[in-house]
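Read through the structure below, which is laid out as structure tokens, and then see the notes.
The values are calculated or read from the model by the stated rules, or taken from the named source; none is laboratory data. Note that the structure is predicted; figures quoted are calculated from it, not measured. Every residue, glycine as well, gets a Cβ built from its backbone with ideal geometry; the counts of neighbours run over all protein chains shown.
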Amino acid sequence: MNEILDWLLAGVSGIDPIWRNFFAGLAIMLETSLFVGIIVPGDTVVLVASTGVADLPDFFWLVGSVLVGSLIGESLGFSIGRLFGKQIRASRLGQRFGENNWKRADTFVEKRGGPAVAISRFLPVLHSLVPVVAGATKMRYQSFIAWTFGACLVWASAYVGIGYIAKASYQEVASNFKFGAFAFLGVIALFVLFVHLGKKKISKVADQMIEEDIQKTSK
């Protein structure tokens, strides 16, 4: 199994860092844009790209590329909301999200403002809707991008960091253990589990916040 993983890691490392960073940034830009996030696995692309990081400067270049891609994607969602909010929401694609999810995004942004924008970066459905909803409100772009920046920086650093750590862990043990590849897979699996549990916790907190806001609004 080590031989297979060596081949895969060598393939990723062999890609010109400029192109690797470009495609990682492009994938996450598409993933953070409205609707495209349903089909483009940007987080997977970033994880794969991070296994090709060779040193600290390379690490920061990839984080920067992913961050820029995220901010462009979020900004596109915001711009779409500002220009075509109602039309997008009423379109066939917009209705695929369900009116209930749109209403929840409305309430979340209206009542929580910037924090809702930051939290939504880590939530599955609201992640695609909140930038559009924020753009359709009176929220200033400067406020939107400031909250988005912090959340995207945390996300980018975490994903690039774990891929880099997994590769380093594998290289550390591969020469001494026949099944060193399992160290790599173990680190990735633990990270995926941590992300899954973290998203569930954040989703639960966000749901409680939204329900509280809905109840206050209905009174």
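For segment 127-144, does any single residue satisfy the condition of being more than 22 Å from ALA206 (Cβ to Cβ) and aromatic (Phe, Trp, Tyr)? There is at least one residue in segment 127-144 that is more than 22 Å from ALA206 (Cβ to Cβ) and aromatic (Phe, Trp, Tyr). Pairs linking a residue in segment 94-122 that is in contact (Cβ under 8 Å) with a residue 12 or more places away in the chain to a residue that is crowded, with 21+ Cβ neighbours inside 10 Å and acidic (Asp, Glu), with Cβ atoms under 9 Å and 6 or more positions apart or on different chains, are VAL117/GLU74; ARG121/GLU74. Would you call ILE72 of a type in the set (Val, Ile, Thr), within 17 Å of CYS152 (Cβ to Cβ), at pLDDT 85 or above and surrounded by 18 or more Cβ atoms within 10 Å (Cβ to Cβ)? No: the conditions fail for ILE72.
Evaluated against (1) within 20 Å of ILE210 (Cβ to Cβ); (2) within 22 Å of the chain's Cα centre (by Cα), GLU110 falls short on exactly one condition, (2). Applying the set (1) outside any helix (DSSP H, G or I); (2) over 30 Å from ARG96 (Cα atoms); (3) at pLDDT below 60 to ALA10 leaves exactly one unmet item: (1).
Among the residues of segment 113-141 satisfying the criterion of being outside any helix (DSSP H, G or I) and within 18 Å of the chain's Cα centre (by Cα), which is surrounded by the most Cβ atoms within 10 Å (Cβ to Cβ)? By that ranking, first place goes to ARG121. Any residue at all in segment 156-171 that is charged (D, E, K, R), farther than 22 Å from GLU110 by Cα and at pLDDT below 65? Checked segment 156-171: no residue is charged (D, E, K, R), farther than 22 Å from GLU110 by Cα and at pLDDT below 65.
Remark: pairs (first residue in segment 187-198, within 15 Å of THR44 (Cα to Cα) and at pLDDT below 70; second residue surrounded by 12 or more Cβ atoms within 10 Å (Cβ to Cβ) and not hydrophobic (A, V, I, L, M, F, W, C); Cβ separation under 6 Å; 6+ apart in sequence or on different chains) = VAL187/SER169.
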